[in-house]
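See structure below.
The values are calculated or read from the model by the stated rules, or taken from the named source; none is laboratory data. What you are looking at is a predicted structure, and each value in this text was computed from that prediction instead of being measured. Cβ atoms come from the backbone with ideal geometry, glycine included; neighbour counts cover every protein chain shown. The area values use the complete protein model at the heavy-atom level, side chains included, leaving out ligands, DNA and RNA. Shrake-Rupley method; radii C 1.70, N 1.55, O 1.52, S 1.80 Å.
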Amino acid sequence: MSKTLWFGLVLGLLASVAGALPPAEYPVFDSLTYDDSEAAAAAWITHQGTAPPTVLQTDSRPVLRLPCNFSGTDHPRAVWDLPLNRDLSTARGIQFRFRCPDPLPVGSFTAYLRSGDGWYTGDFLHTAEPVPDAPGWHTVSLDKTSARIEGTPRGWAHVDRLRIAAWRGADIDTEIHLADLGIVSGDSDMLLVLNEPAPGQPLSAYVRNVDQALNAMGLFPALVNERDVTADRLRDTRVIILPYNPDLPPRAVEALAGHMDRGGKLVAFFALPESLARRGGIRLGGVRGEAERGDFSVIQAVGDGLRGLPDRIAQASWNIRMAEPVHPSGRVAAEWRDRDGHPKGAAVVVTDQAAFMSHILLNDDLDRKRQLTLAMVGHVYPTAFEQAAEHQIAAIGAIGAYRNLDELRRAVEQADAPGAVERLRTAESLRTQAREHLIQDAPERAVGVAMESRQRAREAYAALQQPRQGEFRGFWCHDAYGIPGRSWDETAEALARNGFTAVLPNVSWGGVAFYDSDVLPVASDVERYGNALEECIAAARRHGIEVHTWKVNWNMGSKAPSGFRTRMKQEGRTQVHFNGTAHDAWLCPTDPRNQRLEIDAMVEMATRYPVDGIHFDYIRFPGSDYCFCAGCRSRFEEYLGRSVSGWPGAVRADSDVEEAWLEFRRKAISHVVEAVRKEVRAVRPECKISAAVFPDWPRDRDRIGQDWGAWARAGHLDFINPMNYTPFTPLFEGMAARQQEWAGEAPVYPGIGLTTWTDPADFGRLAAQIKVARERNAPGFTLFNLTAGALDDVAPLLRLGLTRPMAE
């Protein structure tokens, strides 16, 4: 039986037994229920050869069926559009029920909301929550904090179309089921103001950190973009939250000032217009940077502190906004301390009307950051404490497949896991205490105790997991110097203690090195802080950790000297977009001078330093619209053997020219990989060569010129680290399955995007993805990214089970 036929039979069986779907627990504006398939097809618009929607009958009701007809077709994605007319200006986003009986053939899922001449778009599976008692069904959403911008949208108040896309991952048919389209509403008492990102970019992580901290406490403020802030939209709001808004439009500032004049409260982080600070009784000064690394390492409660504020919170900030209270009700509730405990300025300033933190909120020391955010909001809106307490108590024991502490208890009782039993008992005792605090009208205490109970429950769950020995367990680290505020020795010791075997430090970019180099400009940080690579290697050796140096290729990096950047542009070595705009941050991969620079830099790391391996990243073009510089044209014409008129449109107008163009791009990237392999093998054959790659090889070899499947099969890579950064475990499993096949005999260590998830401490999800990798016989895994939170909050949980030494 063919694979296509087998999958089709399985899919038909799964669809035919679709179980009952309970009513949605959120406001629904379109149930997506149609009288018949003809009505469903009339309601939706299809594109690119996509099959029209039909109706599927479940045990309880009909739902929408969207067939992904990938077998025997060549369209890159299945696409369906639904006309809408929605004002989402103060909503958090949209949500719907989603089911995919077999996600294996799908590379990724995307939702789009059209507004004006642009779209808000994103992966709607990042918030996937299982629907209770409805196997396979999830509630998913596209919310403002995760949406990217394409084109020039008119604003969230003018959404007129929903688009659902399933991207081809394999030439096998599958289908998706949808139901209950609704709005994700926020609490109208609280309104968080978003700064709109640049086209193609995500929302600032600093903004998401604040919203996610509130969400983790059960607080879901309404979300409004800066452009949509008006007096009318603020009328019913009690608290305004400015998570990071350095460029508030004057109209928005005026509306916010009026809100405060009417007694409205304000919570703000780092950036705050003077007129709003003055109304809040706070005087702002200039920005003060750290004189030494680690100057702003700790937020320490002082004086009377703040209700619900932890005594000490870790945060590796690099500068602060000087601030002091001037209103009689004001005080400094917390101050910055350096690593040695010396005071460095006000961290949190509060008055009766405002709470201000003098830097942005980072996501290290995660639980305490959530308590800090709650304390600031609760100071001006006390009701928040009770909401948070109820949420935290209800969430105790909800981890992985277990919905509550009772379900977790049954699993612990059935398992032979002594380490889980005592932790579970402690969790139950703390839950009782948290409930008592809430009854006694001390909700802030209930929050702290409930969070501790949740941690003990997580530990009990972690202790249920089983280890596998002899596997690669790596951590990408995006900071050349490791976790801010810590030495590499501290970090390496913690990695080894928690069962990790390797670290991949980002010590090199296209235009800068954080070590002594004869090839690349050396970062100024090296003179100030030392040779990052030498320090990492020395520490790792002491603790038995492998070092695979991570180089970002082509992208010169923010620390590249301006003189080097200018010279690259003047020499015609930087990239150009299809539309003719310059992309000066990236070197052109088809330029032989740039290829030689990348090769020499990779080889230098392997030969000058005793590393265990060298690691490619960004070994690709930025996207399908690159690079169309003058050099690319002349080199492509030489490759093609003739001139190309109508540049650059000709490469898309003629299919033969387009195919040659795609192969030309692939060869440019592959040349660097092949040359590095050859030159490193000649002098250090034991040095391993690896690459962080995009997850969908067949699509990405054309889109970005990254032909990693061919590299693996040709033996150019010793192992591959696909960046499978989805929180949706069924999709992760599909990715891992395809990648093992594409890589041939080369080991695949799937990349798990821990710190890219909505909750970067979601241990249940992490455990599930590690187990999927093992079930797919992956000989290891790689986690992104090594942060203080990942090392302090997540790694110790892994050691209790999944990375536990067998002797324990």
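Structure data summary
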| item | result |
| --- | --- |
| Rounded accessible area per residue of the chain, 1.4 Å, Å² | 38 |
| Computed E for Asp525/Thr383 - FRET, C-beta separation, R0 35 angstrom, nearest 0.05 | 0.15 |
| Inverse of mean 1/r across different Cα pairs in the range 269-411, Kirkwood, Å | 16.3 |
| Label-to-label distance, nm, for residues given as Ser487 and Asp30 (7 Å Cα→Cβ offset) | 6.1 |
| The range 183-265: relative contact order in percent, alpha carbon pairs under 8 Å with at least 6 residues between | 40 |
| In Å², nearest 10: area of Asp416 left accessible to a 1.4 Å probe | 140 |
| Added length on full extension, which subtracts the Cα-Cα distance from 0.36 nm per residue, Arg608 to Asn777 | 57.4 nm |
| The range 89-213 - percent relative contact order, Cα under 8 Å, separation 6 or more | 37 |
| Dipole-positive endmost among Ala539, Gly155, Thr90 within the chain (Cβ charges, Cα centre) | Ala539 |
| For the range 693-808: relative contact order, % (alpha-carbon pairs under 8 angstrom, 6 or more apart) | 23 |
| Within the accessible area of the range 388-523 (1.4 Å probe), percent carbon and sulfur | 44 |
| Probe 1.4 Å, all protein chains present, accessible-area order of Asp102, Asp406, largest first | Asp406, Asp102 |
| Which of Glu38, Glu674 is most accessible, then next, and so on - probe 1.4 Å | Glu38, Glu674 |
| Which of Pro467, His478, Ala494, positive extreme of dipole for the range 459-499 (C-beta unit charges) | Pro467 |
| Chain lengthening between Arg652 and Asp352 when straightened (0.36 nm per residue, less Cα-Cα) | 101.9 nm |
| Taking only Cα atoms of the chain, radius of gyration then Dmax in Å | 26.9, 83 |
| Cross-link partners of Lys344 among lysines (Cα-Cα below 23 Å; sequence separation of 8 or more within a chain) | Lys369 |
| Compactness of the range 751-808 as Cα Rg over 2.2 N^0.38 Å, two decimals | 1.10 |
| DSSP bridge orientation in the chain - percent antiparallel, rounded to nearest 5 | 65 |
| Solvent-accessible ranking of Asp793, Asp81, largest area first, probe 1.4 Å | Asp793, Asp81 |
| Reach of Lys559 by Cα under 21 Å, taken over lysines that are not fewer than 8 positions away in the same chain | Lys551, Lys569 |
| Residue-span extension gain [Phe564 to Gln57] - 0.36 nm each, minus C-alpha spacing | 176.2 nm |
| Rounded Å value of the spacing that divides the Cα centres of the range 685-760 and the range 340-407 | 36 |
| Kirkwood Rh in Å, taken over the range 125-202 so that all alpha-carbon pairs contribute | 15.8 |
| Accessible surface of Glu413 - all protein chains present, 1.4 Å probe, nearest 10 Å² | 130 |
| Restricting the range 696-790 to trypsin sites (Lys or Arg not before Pro) in coil, as DSSP defines it, with at most 11 other Cβ within 10 Å | none |
| Cα centre as origin, Lys/Arg/Asp/Glu Cβ charges: the chain dipole, Debye | 740 |
| Heavy atoms of Lys144: accessible area, 1.4 Å probe, square angstrom to 10 | 10 |
